[in-house]
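Novice: Take a look at this one; I'll ask things after.
Read-outs: derived from the displayed coordinates by stated rules, not from any lab. Since the model is a prediction, treat every value here as computed from it, not as a measurement. Cβ placement follows ideal geometry from the backbone for every residue including glycine, while neighbour counts extend to all protein chains displayed.
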Amino acid sequence: MSLNLALAALLLSAAPLHAEGLVITDAMIAPAPAVAPTRAAYVAIRNDSDAPRVLVGVEADGFGMAHLHESRETGGVMTMTPLAQIEIAPGGALEMEQGGLHVMLMHPSGPLTAETVSLRFIFADGEVVGTEAPVMTGPMMEGHGAHGHEGHGS
Ligand SMILES: [Cu+2]
């Protein structure tokens, strides 16, 4: 436990949770089996600065790849589109949600048994904002784990 805390402190000092004007809240990793090949992560990002901020990528500890995705339901079929970037207007917020914007975590290094996953959101100006997303347990929600994310390569 103390090792975990020391490690967490190290990670926090390396990746500020709070970059200028950008605030991350409501982070979570959706419930799924520990061995699931993909996981969906959700956060809200508020832009309290007076300039537009452009989110261009995500990294997650324990996963080889993370992409910004948008789910859409078309004629009863869920499809997902990768997004290269998302602009957050000054004073605006980006809210990820089930059935909409999410972070797709892929290529896990092993079964996910940790209680949190470190996420780092990368912005076009080089800024990186990190957060610890709790791994939720309980019944799986409709709309992400359930549809399996076929076609995400392996
Ligand atoms: Cu996805």
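Novice: Take S49, S118 and order them by how many other Cβ atoms sit within 10 Å, fewest up front.
Specialist: On the way: S49 14, S118 18.
Lowest count first: S49, S118.
Novice: Report, in debye and to the nearest 20, how large the dipole of the range 2-138 comes out about its Cα centre when Lys and Arg carry +1 and Asp and Glu carry -1 on their Cβ.
Specialist: For this selection, approximately 340 debye.
Novice: Starting at the first residue of the range 95-109, write each ³J(HN,Hα) from the Karplus equation 6.51 cos²θ - 1.76 cosθ + 1.60 with θ = phi - 60°, in whole Hz, x for Gly and Pro.
Specialist: After applying 6.51 cos²θ - 1.76 cosθ + 1.60, I find 10, 7, 7, 3, x, x, 5, 7, 9, 9, 9, 10, 6, x, 6 Hz.
Novice: Ranking F121, F63 by Cβ neighbours within 10 Å, fewest first, what do you get?
Specialist: F63, F121
Novice: Could I ask something else about it? What residues have an amide H closer than 5 Å to that of L22, excluding those fewer than 5 places away on the same chain, when H is modeled at 1.01 Å from N in the peptide plane?
Specialist: When sequence neighbours closer than 5 places are left aside, the close amide H contacts are D48.
Novice: Next up: Quick one: which residues, 5+ away or cross-chain, put their amide H under 5 Å from the amide H of V117? H built at 1.01 Å from N.
Specialist: A133, V135
Novice: Can I ask one more? Among V128, V43, V135, what is the fewest-to-most ranking by other Cβ atoms within 10 Å?
Specialist: With the sparsest Cβ surroundings first, the list reads V128, V135, V43.
Novice: Roughly speaking, what is the stretch gain from E87 to V23, that is 0.36 nm per residue apart minus the C-alpha to C-alpha distance, in nm to one decimal?
Specialist: Extra length available between E87 and V23 comes to 21.6 nm.
Novice: Pop out the ³J(HN,Hα) list for the range 58-70 in order, Karplus 6.51 cos²θ - 1.76 cosθ + 1.60 with θ = phi - 60°, rounded to Hz; leave Gly and Pro as x.
Specialist: Rounded to whole hertz, the list is 9, 10, 9, 4, x, 10, x, 8, 9, 10, 7, 10, 10.
Novice: Net charge around H107, counting only other residues with Cβ within less than 13 Å of its Cβ (Lys, Arg = +1; Asp, Glu = -1)?
Specialist: Numbers: positive: R39; negative: E59, D61.
Cβ neighbours under 13 Å give a net charge of -1.
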